[in-house]
Amino acid sequence: MHILILEDEKRNFNRLKRLLEEIEVTHHVAGPLTSIAETVEWLQMNPAPDLILADIRLTDGLSFDALRQSSVSSPVIFTTAYDEYAIQAFKFNSFDYLLKPVNTDELAAALQKVNRYSSARQGGSDDIHLLLEQMRKNNYRYRERFLLPYRDGYVSVSVNDISHVALDGRNVCLYMKNGTNEKISYSLDELEKQLNPNEFFRVNRQYIVHIDSILSINNWFNSRLKVHLKKYPETEVVVSRERATALKEWLDR
């Protein structure tokens, strides 16, 4: 079986590849493809794989956008860390999902399901398009606001008012466009999944920035970039060489 993996974290790709090869040594694994653009190009230039293992979040958006653009007819198994409200969408028309970290037995069972399904289906890509439209219409929403403790009660904060999110010591803080900041009980990894990738970008391990808060970008040492933020002139965010290309692509859409 020829299997294509969409995954923006190398360690997750390595784990999936190892598990697939343990289950069946003849599995041929391609990837990882880390972005929508890269996935669309690959699917246009190569024969359709027998199976696609797709993480939901790629570096520049959601994997089902890449699948929709490519008119792909291959069976898809989604690998995800998302909560049950989103996962319900994946249990549609014989497609499957796996929660991270992926379990070997569950992966083997999913592969058997795909094999049975592939043997029975008679071509066409209607199933994947029905799945993707179902997900988009009914099951997926990015976070729009945060409810935060304030004095003797709570205050609702819109994500549109956020300049950037930063790891400050052991605390994660929302830095607002008005210059204030609020501690929050989420990790940056969790927030990266919850915030709309069209508006927020994870520039490094310490910062997620809103596109409207970027004042300027300068070249830095060793092919890195330095991001300067509006309202926060003392904050200098250095982008690694590996993330610099993705950041420029994100800003140039």
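The values are calculated or read from the model by the stated rules, or taken from the named source; none is laboratory data. Just so we're clear, the structure is a prediction, and the values are computed from it rather than from any experiment. Note that each Cβ is placed from the backbone with ideal geometry, even for glycine, and that neighbours are counted across all protein chains shown. For accessibility, only protein heavy atoms count, side chains too; no ligands or nucleic acids. Shrake-Rupley method; radii C 1.70, N 1.55, O 1.52, S 1.80 Å.
Using the structure shown, decide if residue 140 is under 18 Å from the mean Cα position of the chain (by Cα) and modelled with pLDDT under 70. For residue 140, the condition - under 18 Å from the mean Cα position of the chain (by Cα) and modelled with pLDDT under 70 - is met.
Given region 1-81, what helices (runs of 4 or more DSSP H) lie entirely inside it while holding 2 or more residues that are modelled with pLDDT under 85 and under 14 Å from the mean Cα position of the chain (by Cα)?
Ranges flagged: 63-70.
Restricting attention to region 213-233 and to residues that are in contact (Cβ under 8 Å) with a residue 24 or more places away in the chain and among the charged types (D, E, K, R), the residue that is nearest to residue 247 (Cα to Cα) turns out to be 230. Restricting region 201-246 to residues that are at pLDDT 90 or above and part of a helix (DSSP H, G or I) leaves a set whose member that is nearest to residue 174 (Cα to Cα) is 213. Could you please find all residues in region 84-120 being at pLDDT below 70, part of a loop (DSSP other than H, G, I, E, B), open to solvent by 50 Å² or more (accessible area, probe 1.4 Å) and not basic (Lys, Arg)? Passing the criteria: 92, 93, 94. Among the conditions (1) assigned to a loop (DSSP other than H, G, I, E, B); (2) open to solvent by less than 80 Å² (accessible area, probe 1.4 Å); (3) out of contact with any helix residue (DSSP H, G or I) (no Cβ under 7 Å at 6 or more places or on another chain), residue 198 misses just one, which is (2).
Close contacts from region 50-69, counting a first residue that is under 23 Å from residue 109 (Cα atoms) and a second that is open to solvent by 20 Å² or more (accessible area, probe 1.4 Å) and assigned to a loop (DSSP other than H, G, I, E, B), with Cβ to Cβ under 7 Å and a gap of 6+ residues or different chains, come to 50/1; 51/1; 55/8; 56/82.
Restricting region 142-180 to residues that are small (Gly, Ala, Ser) and in a strand (DSSP E or B) leaves a set whose member that is surrounded by the fewest Cβ atoms within 10 Å (Cβ to Cβ) is 153. When residues in region 218-252 are screened for being within 29 Å of residue 145 (Cβ to Cβ), in contact with a Lys or Arg (Cβ under 7 Å, 6 or more places away or on another chain) and open to solvent by 60 Å² or more (accessible area, probe 1.4 Å), 2 of them pass.
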